[in-house]
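Presented below is the structure to which this report refers.
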Amino acid sequence: MTATILPATPQDIAELRQLYFDVYGHGYPVALGSDPTEMHRLITDPHCHWLTARRADTGELAGSVVVQTDRGNRVGKLVGLAVHPRHRQHGLAGRLTGAVTADAFATGALDSVHTTVRMVTQAPQRVVARNGYRPLGLLPNAADVSGCETLALFACYAPGVLDRREPVAAVPGALLPLLGAAEESTGISYAAGGLPLAAAEPSAPLSPGGGTAPGALLAPPAAPHTKTRTPMEVITAPGFVRRRFRDRFPDPAGAYSPLRTPNTVLTPPDGEFEIYADLDQAAGSCALVAVQPSASAATAALDSVMAALGRAGADYVETLVPLSDTAGLHAFLAAGFVPSAGYPAMRRIGDRFHDYVVLSRTDRQIDFRTTAVSPLLQPYLSAYLTAWASTYLPHHEVVR
């Protein structure tokens, strides 16, 4: 099949909605595939790259893909890759991915573009990998599409970016399996000056050969950390939250979370702290964006935050933490968050790039039995299972 790849126009919106429905049914949890207002905003945004593929002979819409950008932070995200079932097996997904990625980098305004792909088959993983995207980790239970699904994180970089990373000499021991998986899978090293990373504090390793078998079903944690519960108020008023967020963080450097707009605030009744979050009830997920006045103010209440978000409809919660922020990493690890993915060279400060880590927590059972894991992602699955077992299983139970 010969297809023509063109920028999307507002006149395409009705056909695009039908395309996403044909591919995903009613289960697609992203507004760009269902909300005409959001679709029009993105198509007319000069900094958004939205491409469509049409059959050259009939003009029928066959595929779509988008790269949204955060120009201030020089980061993009590839989303909404869809090819109609009638037009698969012709390499169209790869052509769209390559074209939109090239368009995004051609502006010179981005240092990296990342994407999350479903793992119901290996095909999406192969498509992005063939177009220069590197696997960075797994996000278990991250989206409710056809049930609770695990996503894989990939990223592609502009030339020279990975050569200008700021080294980190020590990290919490719980992160070492993840960083080792990254080196095994992609060749990206986290060693400082050629020396192995040191653990920032001693960690209790698993017994040799221990861990949870791949393909296993991980039970939801049974209150692993008993702490005093803090009453938590949840305010879900997007306009109000955005205004308050801008008031609290007038300097963009004060709250780093590219392509995330908070729509929810969590706070105790006394207002000791405010946690700004991007809550997506359709996907059953939430990203913690920022804490005011500081992250340390809320560390003792993270279990209460998780409980409140669960009541609000989020079974999966993630946060983005600098690899160099040992205290912040320890706080989330102590609250049951598991290292899920690394993002090397994510943030540009001056002429140097800083690494970040995605930590996630899900209070629902994780089922890897039907997850299609490609060889590139296998090291990350092993690393996640090791980290999950270290967090939620007593060490005397983690034996062969």
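The values are calculated or read from the model by the stated rules, or taken from the named source; none is laboratory data. Every value quoted in this text rests on a predicted model; they were computed, and no experiment measured them. Here Cβ is always computed from backbone atoms with ideal geometry, including for glycine, and neighbour counts include all displayed protein chains. These area figures cover heavy atoms from the full protein model, side chains too; ligands, DNA and RNA do not enter into them. Shrake-Rupley method; radii C 1.70, N 1.55, O 1.52, S 1.80 Å.
At-a-glance table
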{"read-out": "Pairwise centroid distance, computed over Cα atoms, of the range 303-321 with the range 334-380, Å", "value": "17 Å"}
{"read-out": "Length added when fully stretched, Ala109-Thr2, from 0.36 nm per residue minus Cα-Cα", "value": "35.4 nm"}
{"read-out": "Heavy-atom accessible area per residue - the range 270-400, 1.4 Å, Å²", "value": "36 Å²"}
{"read-out": "Cα gyration tensor, the range 86-180 - rounded (a/c under 1.5), prolate or oblate", "value": "oblate"}
{"read-out": "Cα-based shape type of the range 326-380, given that a ≥ b ≥ c are square roots of the gyration tensor eigenvalues and the cut on a/c is 1.5", "value": "oblate"}
{"read-out": "The chain, relative contact order in percent, only Cα pairs under 8 angstrom and at least six apart counted", "value": "17 percent"}
{"read-out": "Prolate/oblate/rounded call for the range 1-61, Cα gyration tensor, a/c under 1.5 rounded", "value": "oblate"}
{"read-out": "Most mobile of Leu217, Leu162, Leu176 in a GNM of the chain (Cα contacts under 10 Å)", "value": "Leu217"}
{"read-out": "Full-stretch length increase - Glu183, Ala312 - with 0.36 nm per residue and alpha-carbon distance subtracted", "value": "42.7 nm"}
{"read-out": "Neighbourhood net charge (15 Å Cβ-Cβ; Lys/Arg +1, Asp/Glu -1) for Val161", "value": "+2"}
{"read-out": "Solvent-accessible ranking of Val265, Val127, largest area first, probe 1.4 Å", "value": "Val127, Val265"}
{"read-out": "Accessible area of Phe273 in the full protein assembly, 1.4 Å probe (Å², nearest 10)", "value": "10 Å²"}
{"read-out": "Net charge, Gly94 excluded, C-beta distance under 12 Å - Lys, Arg +1, Asp, Glu -1", "value": "+4"}
{"read-out": "Local electrostatic count, Phe337, Cβ distance below 12 Å [Lys/Arg +1, Asp/Glu -1]", "value": "-2"}
{"read-out": "Theoretical ellipticity at 222 nm over the chain - DSSP helices of four or more residues, -39500 (n - 2.57) apiece, nearest 500", "value": "-7500 deg cm²/dmol"}
{"read-out": "Dipole of the chain [Lys/Arg +1, Asp/Glu -1 at C-beta], most positive-end residue of Ala237, Thr44, Gln365", "value": "Thr44"}
{"read-out": "Cβ-Cβ FRET estimate between Ala297 and His90, R0 fixed at 45 Å, reported to 0.05", "value": "0.25"}
{"read-out": "Rough spin-label spacing in nm, given labels placed 7 Å along Cα→Cβ, for Ile349 and Asp247", "value": "2.8 nm"}
{"read-out": "Student exercise, the range 1-124 dipole from Lys, Arg, Asp, Glu Cβ charges, in Debye to nearest 20", "value": "260 debye"}
{"read-out": "Calculated from backbone phi, Karplus (6.51, -1.76, 1.60) coupling profile of the range 170-185 in Hz, x at Gly/Pro", "value": "8, 9, x, x, 5, 8, 4, x, 5, 5, x, 5, 4, 5, 5, 7"}
{"read-out": "Residue-wise HN-Hα coupling along the range 300-314, computed from phi with Karplus coefficients 6.51, -1.76, 1.60 (Hz; x: Gly, Pro)", "value": "6, 10, 5, 5, 5, 4, 4, 5, 5, 5, x, 5, 7, x, 9"}
{"read-out": "HN-Hα J in Hz across the range 4-21 - Karplus 6.51, -1.76, 1.60, θ = phi - 60°, x for Gly and Pro", "value": "9, 9, 9, x, 5, 10, x, 5, 8, 4, 4, 5, 5, 4, 5, 4, 5, 5"}
{"read-out": "For Leu197, residues with placed amide H under 5 Å, excluding near neighbours", "value": "Ala192"}
